[in-house]
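Any read-out appearing in this document is the output of simple, stated calculations on the displayed coordinates, not a laboratory observation. Values in this document were obtained by computation on a predicted structure and should not be read as measured data. Every residue, glycine among them, receives a Cβ derived from its backbone with ideal geometry; neighbour counts consider all protein chains shown.
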Amino acid sequence: MLRITWSAGTRSGTASLDPGGTFVVVRRMNLPEAEPVQTVETDGSTFLMLRLPYVSDPALVVRATAGQPVVHRGQRANGAVVELTPPHGDVTSPAPGQSISLTESGTRIDLRYPDLQVCVTAHFDRLPSPRADSGTVQLGVDSLQHDDSWLVAAIAVALSPDHGVVSHGRLKAAFAQWRGVDEPSDGTFDRNVLRPALEARTLELPGARLNKIVYLVERCRRTAEFPEHVLEELRRQLGD
């Protein structure tokens with residue numbers, strides 16, 4: 001169960017979401033001027049509707065999972081400030097189109113516009129840790145398991161040296177090892193894994209022959225997309 005508390009200007013409220021449900025901040029210019037902030041619940045999701053022209057649609061999506069919630073920033077880069085602040089740790093500013101799993105209950109998500117500040121706080125229960133000998137992958141980010149775009153990016157950051165990037169062959173082999181599949185060809189890996197990972201982060205290479213891994217790792221490091229304990233667990237699982 002994901003428990004959301006929110007505030008927007010003078011309005012505030014709460015929402016409880018089962019796995020699969022979402023809390024979504026959206027733009028609705030057809031709201032009456034006297035009531036520029038409204039909420040509606042439908043199909044297990046809650047929508048916070050704002051009557052502001054520079055709010056993206058959607059601006060923010062918080063998705064409940066069986067473990068850690070996933071935050072997606074839809075807000076475009078138009079001057080609005082989007083920040084994630086965990087109870088313990090540094091503030092993260094996700095890039096437009098970026099998704100991040102929350103690793104700490106009580107993490108606050110702020111959206112600051114010239115005329116309005118929206119604050120969303122996510123509370124959730126941590127899953128019990130499996131036994132050390134259970135063979136279960138103990139990642140801090142559950143969603144890595146079902147999203148290749150996140151998984152390959154996390155592996156690339158985890159295996160890259162401080163002042164460089166992992167080789168294409170090593171990354172391809174590590175990805176196949178994690179998934180438990182045969183190692184794909186270079187072309188298949190680039191087309192089906194690396195390129196979608198770049199597109200998910202709205203990254204466009206200025207040339208077709210440039211190193212995709214360099215751009216991917218640089219973006220993920222700059223936005224602090226993966227917490228250090230997740231990267232350490234990946235290195236341990238991959239034997240690096």
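What the table shows:
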{"item": "Segments 42-48, 66-72 sorted - mean Cβ within 10 Å per residue, highest first", "result": "66-72, 42-48"}
{"item": "Shape metrics for region 142-238, restricted to C-alpha atoms - Rg then Dmax, Å", "result": "12.3, 35"}
{"item": "Dipole in debye (nearest 20) - the chain, about Cα centre, beta carbon charges: Lys, Arg +1; Asp, Glu -1", "result": "360 debye"}
{"item": "Calculated over the chain: convex hull of Cα atoms, volume per residue (Å³)", "result": "144 Å³"}
{"item": "Distance from region 1-15 to region 163-204 (C-alpha centre basis), Å", "result": "39 Å"}
{"item": "Vicinal HN-Hα couplings computed from phi for region 74-87 (Karplus, 6.51 cos²θ - 1.76 cosθ + 1.60; Hz; Gly/Pro x)", "result": "x, 4, 6, 7, 10, x, 5, 9, 10, 9, 10, 10, x, x"}
{"item": "Mean Cβ neighbour count within 10 Å, used as a protection proxy, ranking 96-102, 108-114 highest first", "result": "96-102, 108-114"}
{"item": "Mean Cβ count within 10 Å, highest first, over the residues of peptides 180-187, 80-87", "result": "80-87, 180-187"}
{"item": "Three semi-axes of the equivalent ellipsoid, region 1-75, Cα gyration tensor, whole Å, largest first", "result": "22, 13, 10"}
{"item": "Over the chain: helical MRE at 222 nm, DSSP H runs n ≥ 4 each giving -39500 (n - 2.57), nearest 500", "result": "-6500 deg cm²/dmol"}
